[in-house]
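The structure appears below as structure tokens.
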Amino acid sequence: MPSGPATDRSTKTLTEPAMHISEIDTPALVVDLDVLEANIYRAQAYFDRHGIRFRPHMKTHKCPQIGRIQVTAGAVGLTCAKLGEAEVMADAGFEDLMVAYPILGESKLARLVRLVDRVRFTSVFDSPEVAEGLSRAAESAGVRIRCLVEVDTGMKRCGVAPGPQLYDLCRRVADSPGLEFAGLMTYQGWIAGTEAEKEAAWRSEDSRVAETVGHLNDLGLACEVVSGGSSPSLYSSHFAPSITENRCGTYIFNDRNMAGAEAASWDDCALRIAVTVVSDAVPDQIVVDGGSKTFTSDSTAAWPGFGRFVEDPSLLLHKMNEEHGYVRLGSESPRHRIGDRLHVIPNHVCVTVNMQDELWVHRGGEVVDCWPVAARGKLR
Ligand SMILES: Cc1ncc(COP(=O)(O)O)c(C=O)c1O
């Protein structure tokens, strides 16, 4: 039986028959463990084959049990978006964590130095202000913080463009007490398109990064790590050999965005949202028991609506209130009765997971475990 948090089914005992996903109360997240493991091992085998270290981003699953499968498969550690996520993973026994986000402010710095004491920790940032805070905190706590400087190669979010300002920041990190300059981080979330387009984008990315690393080398600033990657272009990452470590996250579950980018098939989607039809009172419409607090309002460029209904792809979830999903029936829709259960592949799985306390894990429909989303809501 599930070892996770208590639910209304948790009174079952080991002698009772196995639980089927159709018995889980809705709305709920159900994860096909066979698909999840296939996604994890396929990506790891690809990175192993190409000699790229893999540090998957845990913001997609926020779940120690899934992180453990990734590390067992061969990941060198985990990437986190926020310090709070890293604290949850450190408590769960993970020993090598990177927070790919600038850490600012006294209260976070106090938490950061405590974490540095417990795990092999890497911090990422793109400004002298953050470097100064980290250095001060590290010095007064008597610890050393491994640092990557974020370089922007096309995302235009965080990251300093290659050039003198970037080299100055790297030099400053290397010279700052308590800090250790370990290399660079980039994020290729903008690479998409056909296989040929992805290959071309990765190749030009490689020449930009290699030139920057070469210049830093000439300045005596060796880059032990160059971290990059993003799921839509995961299987083209080898066209940029100057990127030594990859941080893909979404690849473990996949979602409607990934399918829309033709980077995953529907069968590669390991997570579904189980919902129940609660009303059919309005003609040509059903209402399901999940709304914006279940699906989130993330859209996807490829298709209208907030998810794909596995049982009937002609259904369109076109509008939501917090707990109501308005579903327009397709012209070929079979009858969907009140009480029927449907499964939806979300547009953006990372935000969907952050909305729920647990993941119901199954093989072939039989529930094998229930894992807490232990780092959900850890936004600080
Ligand atoms: C800094 C950073 N690294 C890695 C990732 C993982 O990207 P993906 O989910 O496309 O694999 C993200 C995603 O938002 C990110 O922001």
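The values are calculated or read from the model by the stated rules, or taken from the named source; none is laboratory data. Values in this document were obtained by computation on a predicted structure and should not be read as measured data. FYI the Cβ positions are ideal-geometry reconstructions off the backbone, even for glycines, and counts take in every protein chain you see. For accessibility, only protein heavy atoms count, side chains too; no ligands or nucleic acids. Shrake-Rupley method; radii C 1.70, N 1.55, O 1.52, S 1.80 Å.
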The answer for residue 300, listing residues at least 5 apart or on another chain whose modeled amide H is closer than 5 Å to its amide H, is none
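Let me have the relative contact order for the stretch 34-253, percent, based on Cα pairs under 8 Å that are six or more residues apart. Can you show the working numbers first?
Numbers: 407 pairs, mean separation 44.0, N = 220.
Taking the mean separation of contacting Cα pairs over the length of the stretch 34-253, I get 20 percent.
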With a 1.4 Å probe and all protein chains left in place, how much of the accessible area of the stretch 143-253 comes from carbon and sulfur atoms, in whole percent?
52 percent
Enter the angle in degrees (range 0 to 90, nearest 10) between the Cα long axis of helix 106-118 and the first principal axis of the Cα atoms of the chain, meaning the one along which they spread out most.
90 degrees
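Could you give the dipole magnitude of the stretch 34-253 about its Cα centre, charging the beta-carbon of Lys and Arg +1 and that of Asp and Glu -1, in debye to the nearest 20? Intermediate results must be reported in sequence, preceding the final value.
Numbers: 24 positive and 28 negative charges, 84 e Å.
Roughly 400 debye, rounded to the nearest 20.
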Determine the sum of side-chain charges near residue 194: Lys and Arg each +1, Asp and Glu each -1, restricted to other residues whose C-beta is under 15 angstrom from that of residue 194.
-2
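How much length, in nm to one decimal, is gained on full extension between residue 222 and residue 23, taken as 0.36 nm per residue of separation minus their Cα-Cα distance?
Values: separation 199, 0.36 × 199 = 71.64 nm, distance 5.56 nm.
Length gained between residue 222 and residue 23: 66.1 nm.
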Listed residue (236, 221, 40) projecting farthest to the positive dipole end of the stretch 34-253, Cβ model
40
In degrees rounded to 10, the 0-90 angle between helix 33-49 Cα long axis and the longest Cα principal axis of the chain is 30 degrees
If one takes the longest principal axis of the Cα atoms in the chain, at what angle in degrees, from 0 to 90 and to the nearest 10, does the Cα axis of helix 128-141 lie?
80 degrees
With bins 5 Å wide starting at 0, give me the P(r) of the stretch 34-253 over every alpha carbon pair, in whole percents.
1, 7, 16, 19, 20, 17, 12, 6, 2, 0, 0
Over the chain, average the accessible area per residue using a 1.4 Å probe and give it in Å², no decimals.
43 Å²
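Pick out, in residue order, every one of the trypsin sites (Lys or Arg not before Pro) in the stretch 287-339 that is DSSP loop and has at most 14 other C-beta atoms within 10 Å; say none if there are none.
The qualifying sites are 335, 337.
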So how strong a dipole does the stretch 141-191 carry about its Cα centre when Lys and Arg Cβ are +1 and Asp and Glu Cβ are -1, to the nearest 20 debye?
80 debye
Give me the Debye-computed log₁₀ of I(q)/I(0) at q = 0.18, 0.22 Å⁻¹ for the stretch 235-353, equal point scatterers on Cα only, no solvent, two decimals.
-0.88, -1.24
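Under a point-charge model restricted to the Cβ atoms of Lys and Arg (+1) and Asp and Glu (-1), what is the dipole moment magnitude of the chain relative to its Cα centre, in debye to the nearest 20?
Numbers: 39 positive and 51 negative charges, 116 e Å.
That gives the chain a dipole magnitude of about 560 debye.
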Largest first and to the nearest Å, give the Cα extent of the stretch 297-372 along each principal axis.
38, 26, 23
Using alpha carbons only: equivalent-ellipsoid semi-axes of the stretch 14-95, gyration tensor based, whole Å
27, 18, 12
Plugging the Cβ-Cβ distance of residue 301 and residue 357 into 1/(1 + (r/R0)^6) at R0 = 35 Å yields, to the nearest 0.05, a FRET efficiency of 0.70
Here, trypsin sites (Lys or Arg not before Pro) of the stretch 108-173 satisfying both criteria (DSSP loop; at most 12 other Cβ within 10 Å) are 156, 157
Nonlocal amide H pairs with residue 358, under 5 Å, H built at 1.01 Å:
373
The stretch 182-194 - phi-based ³J(HN,Hα) in whole Hz, Karplus 6.51/-1.76/1.60, Gly and Pro as x
10, x, 10, 10, 10, 9, 9, x, 8, 7, 8, x, 6
Would you mind getting the Kirkwood hydrodynamic radius of the chain from its Cα pairs, rounded to one decimal in Å?
22.1 Å
Work out, step by step, the length gained on full extension between residue 120 and residue 279: first 0.36 nm times the residue separation, then minus their alpha carbon distance; give nm to one decimal.
52.0 nm
